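The values are calculated or read from the model by the stated rules, or taken from the named source; none is laboratory data. Small disclaimer: the values here were computed from a predicted structure and weren't measured. Positions of Cβ are generated from backbone atoms using ideal geometry, with glycine treated the same way; all protein chains shown enter the neighbour counts. All accessible areas refer to the heavy atoms of the entire protein, side chains included, with ligands and DNA or RNA removed. Shrake-Rupley method; radii C 1.70, N 1.55, O 1.52, S 1.80 Å.
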Amino acid sequence: MSTASLAPSLSLDQLNVADEDAFVALLDGIYEHSPWIARRAFALRSAGGFASLAALKHAMAGVVREAALDEQLGLIRAHPELAGKAMVAKSLTAESTNEQNKAGLTNCTPDEFARLQQLNADYNTRFGWPFILAVRGPRGDGLSRQQIIDTFARRLNGHPDIERAECLRNIHRIAEIRLNDKFGVVPTLGNQVWDWAESLARFSDPGFAENSQLTVLYLTEAHRAAAAQLADWMRECGFDEVGIDAVGNVVGVYHGEANGQTEEPPRLLTGSHYDTVRNGGKYDGRLGIFVPMACVRELKRQGRRLKHGIEVIGFSEEEGQRYKATFLGSSALVGRFDPAWLDQADADGVVLRDLMRDAGLPGTIEAIQALQRDPARYLGFIEVHIEQGPVLNELDLPLGIVTSINGSLRYVGEVRGLASHAGTTPMNRRRDAAAAVAELILYVEERAGAVPEVVGTVGQLQVPNGSINVIPGRCRFSLDLRATTDAARDALDADVRARLAEICERRGVSFTLERTEAAAAAPSDAAWQSRWEAAVETLGLPVHRMPSGAGHDAMKLHQAMPQAMLFQRGLNLGISHNPLEAISNDDTELCVQAFLALLDRL
Ligand SMILES: [Zn+2]
């Protein structure tokens with residue numbers, strides 16, 4: 001067992017007054033056999049010292065990111081293989097012995113041991129360095145041997161550049177946990193959120209639950225159980241009012257301090273969704289409910305009331321998985337719940353109105369319309385969400401500030417040419433529909449790539465009844481255009497459509513293009529965005545501003561009140577809508593601390 005976590009052997013003050021050699025000595029063993037990292041981090045220490053442990057971690061990760069390639073490879077190669085020869089010969093560093101012990105690697109069955117040896121050999125042949133995994137895991141208390149073997153097998157197929165970066169990120173995670181041990185730091189708020197997410201994931205729909213997959217579609221038994229669980233936890237946290245509303249939103253209110261006035265001061269509104277995509281992750285949406293819950297729990301524990309009340313909402317539906325309509329939960333709050341939605345049927349013919357009634361909800365448009373919030377009674381809406389992308393992960397940043405939720409346009413289109421013989425039609429007489437779309441795809445890539453914060457994708461491509469020896473006569477495609485502002489989106493849209501017309505004209509083919517969706521961009525409110533920025537700065541972390549490529553509940557609330565979002569880094573390259581979606585307890589701790597800092601300054 002580790003003894004390092006029993007008592008702190010190091011404090012930030014010690015590091016901040018130490019001279020260079022002492023500084024390097026104090027951080028010995030944080031990065032395996034690589035004192036150069038601490039030495040270069042020393043040069044980054046400002047006159048006032050490192051503002052926080054998070055700032056120190058970030059500085060050291062930055063040193064590695066800026067290092068030369070052979071230095072990075074040297075760092076990776078300084079690590080032992082998992083369950084490798086060094087472990088068997090008991091020649092690991094104390095830190096590595098502790099980690100491999102905690103992950104149970106010293107207790108491998110002969111089969112597991114043989115499998116790990118094979119993986120080590122295959123990995124080394126492919127990449128030329130040892131496989132690095134922070135075996136203490138995202139919660140810090142150890143991955144199972146099966147999780148380790150599965151991750152090993154998965155990463156064996158990665159691209160070398162991506163895999164090298166992933167090894168370095170795991171090394172930073174290993175360093176983070178070693179630092180926590182040295183500093184005697186336990187991220188208790190982050191652990192609380194992490195544990196809630198793990199526990200809530202025990203509710204999953206039939207057909208998925210059996211395979212340990214997480215799927216919670218609107219108003220299924222698992223969905224209702226998850227809502228009841230959230231409501232219970234909110235009560236335990238100390239919310240003053242907790243309830244489930246007419247669309248299944250879980251609503252908790254923590255009142256502000258009594259000010260002797262009859263009129264309650266405006267509340268802060270926050271939250272995110274608890275439904276999931278099919279076989280999704282445990283944190284998408286849910287993180288944005290748990291983080292403010294942890295804050296309220298903390299306020300209650302300290303016996304504190306803020307001047308303003310906090311209303312936390314677990315939105316019942318955001319993902320649009322069961323019905324064609326989407327954002328059912330947040331639409332109701334802004335008076336945009338379309339009465340026609342109640343008549344929609346799901347794939348099994350279950351009409352929404354009937355489903356609501358079976359779930360014990362009123363199922364009437366009047367009850368839903370009554371949920372509309374009066375913007376005058378709210379300060380604004382803020383939402384925490386996992387990033388669902390690779391950006392923060394690549395920058396070694398735990399948190400990012402959202403500048404705007406992208407506006408989007410979606411189309412389905414078809415180009416029509418002439419299906420003719422692939423052998424007899426000369427190249428200059430062809431009317432190739434697929435070649436025309438191929439040209440369009442390359443243009444979308446070039447045009448969207450030429451300006452920042454605009455993206456364009458052709459995600460679906462099909463040659464109906466295509467044959468190997470026939471020139472494509474038809475080609476169907478989809479088009480998804482997004483941008484941080486409506487102006488940028490519309491400029492991209494106009495260029496892409498003009499180019500499509502030009503391509504088809506030149507090639508002598510025709511086209512149809514049908515718009516299937518248009519969503520306006522939701523730029524963050526300047527004042528709320530700067531509150532998030534100030535909160536992140538109090539943690540000693542740099543402010544990184546970024547757009548949100550995905551849609552969120554905040555997009556709906558945007559229609560009624562000012563809003564701004566905070567992103568938390570996702571692990572595993574930021575993958576989301578996937579069981580590999582992951583967050584660390586330390587990042588989550590910072591996220592809760594940022595939320596608390598924002599509340600403090602209200
Ligand atoms: Zn989400």
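Under Stokes-Einstein, with the Kirkwood radius over Cα pairs as Rh, the value for region 505-553 at 20 °C and 1.002 mPa s is 142 µm²/s. Entry for region 448-494 at q = 0.13 Å⁻¹: log10 I(q)/I(0) = -0.44, Debye formula applied to identical alpha-carbon scatterers, no solvent contribution. Counting only residues at least eight positions apart within a chain, or on another chain, the lysines with an alpha carbon under 27 Å from that of Lys300 are Lys282.
Karplus-derived 3J(HN,Hα) values for region 90-100, using 6.51 cos²θ - 1.76 cosθ + 1.60 with θ = phi - 60°, are 6, 10, 6, 5, 4, 4, 5, 4, 4, 5, 5 Hz; glycine and proline are entered as x. Whole-Hz Karplus values for region 328-338 come out as 4, x, 7, 4, 4, 5, 10, x, 10, 7, 6 Hz, taken residue by residue from phi with 6.51 cos²θ - 1.76 cosθ + 1.60 and θ = phi - 60°; glycine and proline positions read x.
Close amide H partners of Tyr378, meaning residues 5 or more places away or on another chain with modelled amide H under 5 Å apart, are Arg267.
Relative to the globular-protein estimate of 2.2 N^0.38 Å, the Cα radius of gyration of region 300-437 stands at 1.72. Applying the Karplus relation 6.51 cos²θ - 1.76 cosθ + 1.60 with θ = phi - 60° to region 154-165 yields 3J(HN,Hα) values of 5, 6, 4, 8, x, 6, x, 5, 5, 5, 4, 4 Hz, where x marks Gly and Pro.
With Cβ to Cβ distances under 11 Å as the rule, what net charge do the other residues near Pro464 carry (K, R +1; D, E -1)?
+2
Modelled spin labels at Val543 and Glu366, positioned 7 Å past Cα toward Cβ, are 4.9 nm from each other. Which lysines, on any chain, are close to Lys556 with Cα under 19 Å apart, when same-chain ones fewer than 8 places away are left out? Correct list for Lys556: Lys324. Only DSSP H runs of four or more residues enter the estimate; each adds -39500 (n - 2.57), and after division by the residues of the chain the mean residue ellipticity at 222 nm equals -12500 deg cm²/dmol.
Provide the gained length on full extension for the span Ala519 to Ile441, in nm with one decimal, where the gain is 0.36 nm per separating residue minus the Cα-Cα distance.
Full extension from Ala519 to Ile441 adds 25.9 nm.
Note on exposure: Ser9, Ser316 ranked by accessible area (1.4 Å probe, complete protein assembly) read Ser9, Ser316, with the most exposed listed first.
Find out how many positive minus negative residues lie around His577, taking Lys and Arg as positive, Asp and Glu as negative, among other residues whose Cβ is under 13 Å from that of His577. Before the final figure, lay out the partial values.
Working: positive: Arg278, Lys282; negative: Asp275, Asp284, Glu318, Glu319, Glu387, Glu581.
With Lys, Arg at +1 and Asp, Glu at -1, the neighbours total -4.
A viscosity of 1.567 mPa s and a temperature of 4 °C, combined with the Kirkwood radius over C-alpha pairs in the Stokes-Einstein formula, give region 331-409 a diffusion coefficient of 79 µm²/s. For region 22-181, the ratio of Cα radius of gyration to the globular rule of thumb 2.2 N^0.38 Å stands at 1.05. Three principal axis extents describe the C-alpha atoms of region 250-339; from largest down they are 47, 31, 12 Å.
Residues whose amide H lies under 5 Å from that of Leu214, counting only those 5 or more places away or on a different chain, are Asn279, Gly280; hydrogens are built 1.01 Å from N in the peptide plane. How much solvent-accessible surface does Ser467 expose, in Å² to the nearest 10, with a 1.4 Å probe and all protein chains in place? Surface accessible to solvent at Ser467 totals approximately 60 Å².
Does region 131-228 come out rounded, prolate or oblate by the C-alpha gyration tensor, with a ≥ b ≥ c the root eigenvalues, rounded set by a/c under 1.5 and, if not, prolate when a/b is larger than b/c and oblate if not? It would help to have the intermediate numbers written out before the result.
Numbers: a/c = 2.91, a/b = 1.45, b/c = 2.00.
In terms of gyration-tensor shape, oblate.
The charge dipole of the chain, taken about its Cα centre with unit charges on the Cβ atoms of Lys, Arg (+1), Asp and Glu (-1) only, comes to about 900 debye.
In terms of its Cα atoms, the chain spans 77, 73, 50 Å along the principal axes, sorted from long to short. In region 164-297, the ratio of gyration radius to Kirkwood radius, Rg to Rh, stands at 1.07 when only Cα atoms are counted. Extension gain, Arg77 to Arg39: 0.36 nm times the residue separation minus the Cα-Cα distance gives 11.8 nm. For Asp122 and Asp70, what does the FRET efficiency come to when R0 = 25 Å and r is the distance between their Cβ atoms, rounded to the nearest 0.05? So, using R0 = 25 Å, E works out to roughly 0.60.
How would you rank 180-191, 333-344, highest first, on the average number of other Cβ atoms within 10 Å across their residues? Let's see the in-between values first.
Details: 180-191: 19.1, 333-344: 16.1.
So the order, starting with the most tightly packed, is 180-191, 333-344.
Three principal axis extents of region 446-599 based on alpha-carbon atoms, in descending order, are 63, 34, 28 Å. Under 5 Å from the amide H of Asp240 lie the amide H atoms of Val253, Tyr254, His255, each residue being 5 or more positions distant or on a separate chain, with H modelled from the backbone and absent for Pro and chain starts.
What net charge is computed for the residues neighbouring Ser316, neighbours being all others with C-beta under 12 Å from the C-beta of Ser316, Lys and Arg scored +1, Asp and Glu -1? It would help to have the intermediate numbers written out before the result.
On the way: positive: Arg224, Arg322; negative: Asp245, Asp275, Glu317, Glu318, Glu319, Asp553.
Residues near Ser316 contribute -4 overall.
Our estimate of slack between Ser9 and Ala501, defined as 0.36 nm per intervening residue step minus the Cα-Cα distance, is 170.2 nm. Partner aspartates and glutamates whose Cα lies under 12 Å from the Cα of Lys102, excluding those fewer than 8 positions away in the same chain, are identified as Asp141.
Which three numbers, in whole Å and largest first, are the semi-axes of the equivalent ellipsoid of region 224-284 derived from its Cα gyration tensor as √(5λ)?
Working: eigenvalues 156, 30, 22 Å².
Equivalent ellipsoid semi-axes, largest first: 28, 12, 10 Å.
Using a 7 Å offset from Cα along Cα-Cβ at Met427, what residues in region 468-498 end up with backbone N under 19 Å from the label point? Label zone hits: 469-472.
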